[in-house]
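Q: The structure follows.
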Amino acid sequence: MFYYYALYISLAIFGIGLIYKVSTWFRYTIGTDAEDISTSARVLAALKGIILTLLSSKILTLLKVFVLDVLLQIKVLRQDFLKWAMHMCIYLGFMLLLLFHALDNIITPALFEDYYSSVNPFLFLRDLFGVVIVLGVAIAVYRRFILKVPRHITSAMDIYAIIILAIIMISGFLHKGTKITSYTRYQDMVEEYTIEADEDELRTLESYWVAKFGVVSPNLKGPFDAETLELGEEAHDACVDCHSRPQWGFTSYAAAKITKPMALGLDKVDASTILWYIHFLACFLGLAYLPFSKFFHMFTSPLSLLANAVMDPEKSDPANIATRQVLELDACMHCGTCSVQCRVGVIFQQIPNFNILPSEKIPSIKKLARGKKISAQEIRDIQEGMYLCTNCYNCTVACPAGINLQDLWFNVRESLFQKGIPEFLMLSPLSVYRGLMKETLDQANYPIPINRTLESVAGNGDLLALQDRTLPLEPGDYSLLSSLNLAVQSSTFSHCFSCVTCSNACPVVSNYSNPQEVVGLLPHQIMHATGMRLWDLVFSAKMLWDCLGCYQCQEHCPQGVCVADVLYELKNVAITRAIEKMST
Amino acid sequence: MKFALLRCCPTPTVLKQYELSSNAVLQKLGIEAVDIKEFNCCGYPIKNFNFKAYVLASARNLALSERENLNLLTVCNCCYGSLKHVDHLMKDETSLRKEINSTLEKEGLQYEGDIEPKHFLQVLYDDIGIETIQDMVVNTFDGLKIATHYGCHLLRPREIVQFDNPFSPTKLDQLVEVTGAKSVDWLTKLECCGSPLWGVNDELSLDLTENKLKNAKQAGADYLCVVCTYCQLQFDRVQHILLSQRSPEYQLPSILYTQLLGLSLGIDGETLGLAENQVSISEIEGFLLHKEAS
């Protein structure tokens, strides 16, 4: 009774969770484009899209993707054999146990007339499938905790998944093991199935079961003589149809052997039943938790793979793209392939912001999509992580769930800019990609985040506009000079005697007839002001951010001043200062 | 000749023709290019933001190449400039080297400086040599005038990149003339293409690009010829935007050197991805003279 209550409750939670999760695919939005599309429009567009796809020739593509990518996981196999083996073990073992063991009152008898769980081949296969899962879990643990692939982050979600699977498997084996040794179980069976038997017969049968079936009896202990066993075997004739030798369930039998010294005590407390409760409750817990756990990817990853195989960013309905992008968040199983392949992943070792790694961006985007309240600092970190990307598409190509990660980053970036927080990475060639995508963006909004960032780092230029400003006698912070990264290059500014060669060689300066009005300080003036430690002047010069890094200044300098290198370092310092200012 | 080839981040998506044409030409020249799966971004894009992260990124690529005992080949000036700069810093700055190597060590890597980062052009000019290439040319261009654009990080700072004379370089011009094309002298040949500011200060970036296009056109060039990912993005994709928004009169298509050389080595236009260019270069095949079979 309790079993069924527990089952129905967990099924109900699973069902509600599933409905809730699916509803989020249509309710949540990612990026600015999706904001204007209503939930009902998205549901209708999805239905229409699915029906039209199923009725078109695209169904062949879907079939191909289903077989190659969903069932056989060819993409994972090509990337990493060990990972593929891990996944295949868990996935195959799990499916087979689910169908033939968990559902053994529905599916198995329908397929096999003579199904009986304690008879071969079923007895053997159940244990074999279990061992296959254990092998998969062992590879997973090995990969995550021993192999330590760089930038492969393990989250709480991964650990929960491994723990639940481990509890189910271990309790299953131990349950069977203690059942084998249980004298009470043996007596129950004898009572139920032996109709006519005298005491002698029962004793020989018990001897036989102690010797051959692993039962631990309080009354009888081996070794037994051959005659007893022979008689026992005759008595066993009544049982033989329902019981193969337990050795065939090799892991359960091993568990029985291990727990044998404690078998009588375990039987007294009815450990087998307790373990059975643990086993099915863990299964039900897994079932109820499934829509919220990484196991949910068994539904969502195939959906994402199939959807991406037939969708085209140019032609698909924007409503469906919006829905697919939220679905993709659930399709991520946090396998970490993207972060290992990420071309800027290495930067994480210098700038410890988790959001740099693609696999860790997903949970952050989930948080944003959920509309949860997030601190300003966290939004800054997410925005920085999203922008620190060279748009090489490695993550998208690598993703075994077929998630179009690159498009996710792009959309999230643009919508984050609306929150009004400066992004200093915008002042770098990482912006080239955004520039190339300019025509796909809202033209009025396009320059806003850049200008905001510029103003945040360089001010509005008031300082440089004051022509009659009196210079303070006390120069600025000396420590800033030493915070420049490379003493050799950055100290060369002191060799500058303001001959203006660098400014004359600068293509940016020569682009303007009134350069000072546009860029604030010219390169030679920056060198000079740096020497005088007039930091507020230096860092308010827009020249720093209009510098191409083309090294013409440095190449032409007759004094060996590493002008461009000094400018680079000043930019680093300016950004560090601006970030500090923003954090306080 | 065998190298580890560092592919530049934007090439697989927005500059496929560079991958196609460099693969084809490398193969034709008998250069074996090894792809190291773990390679990362060269760090160039974050030099403004965090210098040490920039150093770490390039140092990791150098270390990966060194692990395979291969020189590191690149077709992009920005990658090249970064790798040369970091190679130099890792050799000269002891404390920086220690710091970076201790980070790399977490992955079992370190950089000792036993290999050399090389630009594709350097391999062509210094390792293979003009004469050998001359012998391999099957088709020559006739009457084609090219404005060569070296790009900043191939030339400057000279003591670090050590490729050519930074004030009057000739190597790319010679390599262009091997194909029968004529290299024209032009005013802003050695200036920046404007790419570093694209997406940051678009107007300034376009000013610089426009000025270069104008000067090259005035010198009579039919095409620009480029040896860098970012320069080509600027002269092709950004020029495409420039022509539609600002100054259609300055249209001057830009061809990658690997495409130009590829054509004269007898590789077909499709293999070289000519059609991928946004400002069309398809007419360049009209300048080709096919050598008589002798």
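The values are calculated or read from the model by the stated rules, or taken from the named source; none is laboratory data. Small disclaimer: the values here were computed from a predicted structure and weren't measured. Counting neighbours? That spans all protein chains shown, and the Cβs are built from the backbone with ideal geometry, glycine included.
Q: Among the listed residues B:Leu206, B:Leu243, which satisfies the condition of being within 14 Å of chain A (Cβ to nearest Cβ), over 17 Å from the mean Cα position of the chain (by Cα), surrounded by 21 or more Cβ atoms within 10 Å (Cβ to Cβ) and over 19 Å from B:Tyr18 (Cβ atoms)?
A: From the options B:Leu206, B:Leu243, the qualifying one is B:Leu206.
Q: Then there's this: Restrict the check to the range B:162-175 and report whether at least one residue is in the same structural domain as B:Arg237 (by TED's automatic domain parsing), within 30 Å of A:Arg452 (Cα to Cα) and surrounded by fewer than 24 Cβ atoms within 10 Å (Cβ to Cβ).
A: Of the range B:162-175, the ones in the same structural domain as B:Arg237 (by TED's automatic domain parsing) are B:162-175.
Filter again for within 30 Å of A:Arg452 (Cα to Cα), leaving none.
Checked against the condition, which is being in the same structural domain as B:Arg237 (by TED's automatic domain parsing), within 30 Å of A:Arg452 (Cα to Cα) and surrounded by fewer than 24 Cβ atoms within 10 Å (Cβ to Cβ), the range B:162-175 yields no hits at all.
Q: Condition check: closer than 25 Å to A:Ile278 by Cβ, crowded, with 17+ Cβ neighbours inside 10 Å and not aromatic (Phe, Trp, Tyr). Does A:Val210 satisfy that?
A: Answer is no for this residue.
Q: If I go through the range B:218-234 residue by residue, how many of them are in a helix (DSSP H, G or I) and either touching a helix residue (DSSP H, G or I) at 6+ places or on another chain (Cβ under 6 Å) or within 15 Å of B:Leu154 (Cβ to Cβ) (or both)?
A: Residues meeting the conditions: 5.
Q: Shifting gears a bit: Considering only the range B:194-203, I want to know if a residue exists there that is surrounded by fewer than 21 Cβ atoms within 10 Å (Cβ to Cβ) and either of a type in the set (A, V, I, L, M) or at pLDDT 95 or above (or both).
A: Yes, the range B:194-203 contains a residue that is surrounded by fewer than 21 Cβ atoms within 10 Å (Cβ to Cβ) and either of a type in the set (A, V, I, L, M) or at pLDDT 95 or above (or both).
Q: Among strands (runs of 3 or more DSSP E) lying entirely in the range B:98-183, which contain 1 or more residues that are free of Cβ contacts under 8 Å to residues at least 60 places away in the same chain and more than 14 Å from chain A (Cβ to nearest Cβ)?
A: Numbers: elements: B:117-119, B:139-141, B:145-149.
Answer list for the range B:98-183: B:117-119.
Q: Quickly run through the range A:269-300 and pick out the residues that are of a type in the set (Gly, Ala, Ser) and either modelled with pLDDT of 95 or more or under 30 Å from A:Ser182 (Cβ atoms) (or both). Write out each step before concluding.
A: The initial filter retains those residues of the range A:269-300 that are of a type in the set (Gly, Ala, Ser), namely A:271-272, A:282, A:286, A:288, A:293.
Answer for the range A:269-300, where residues must be of a type in the set (Gly, Ala, Ser) and either modelled with pLDDT of 95 or more or under 30 Å from A:Ser182 (Cβ atoms) (or both): A:Ala271, A:Ser272, A:Ala282, A:Gly286, A:Ala288.
Q: If you don't mind, another one. Taking helices (runs of 4 or more DSSP H) that fall entirely within the range A:478-569, which contain at least 3 residues that are polar (S, T, N, Q)?
A: A:479-483, A:501-505
Q: Further question on the same structure: Return yes or no: is A:Asn320 modelled with pLDDT of 95 or more, surrounded by fewer than 22 Cβ atoms within 10 Å (Cβ to Cβ) and in contact with a Gly (Cβ under 9 Å, 6 or more places away or on another chain)?
A: no
Q: Then there's this: Tell me yes or no: at least one residue of the range A:458-478 is among the charged types (D, E, K, R), more than 25 Å from B:Asp202 (Cβ to Cβ), at pLDDT below 70 and loosely packed, with under 15 Cβ neighbours inside 10 Å.
A: Restricting attention to the range A:458-478, the residues satisfying the condition of being among the charged types (D, E, K, R) are A:462, A:468-469, A:474, A:477.
Cutting the leftovers down to more than 25 Å from B:Asp202 (Cβ to Cβ) gives us A:468-469, A:474, A:477.
Retained after the next criterion (residues that are at pLDDT below 70): A:469, A:474.
In the following step, the residues that additionally are loosely packed, with under 15 Cβ neighbours inside 10 Å were identified as A:469, A:474.
Within the range A:458-478, one or more residues are among the charged types (D, E, K, R), more than 25 Å from B:Asp202 (Cβ to Cβ), at pLDDT below 70 and loosely packed, with under 15 Cβ neighbours inside 10 Å.
Q: Within the range A:365-375, identify whether any single residue is crowded, with 22+ Cβ neighbours inside 10 Å, more than 14 Å from chain B (Cβ to nearest Cβ), among the β-branched types (Val, Ile, Thr) and closer than 20 Å to A:Trp84 by Cβ, and answer yes or no.
A: no
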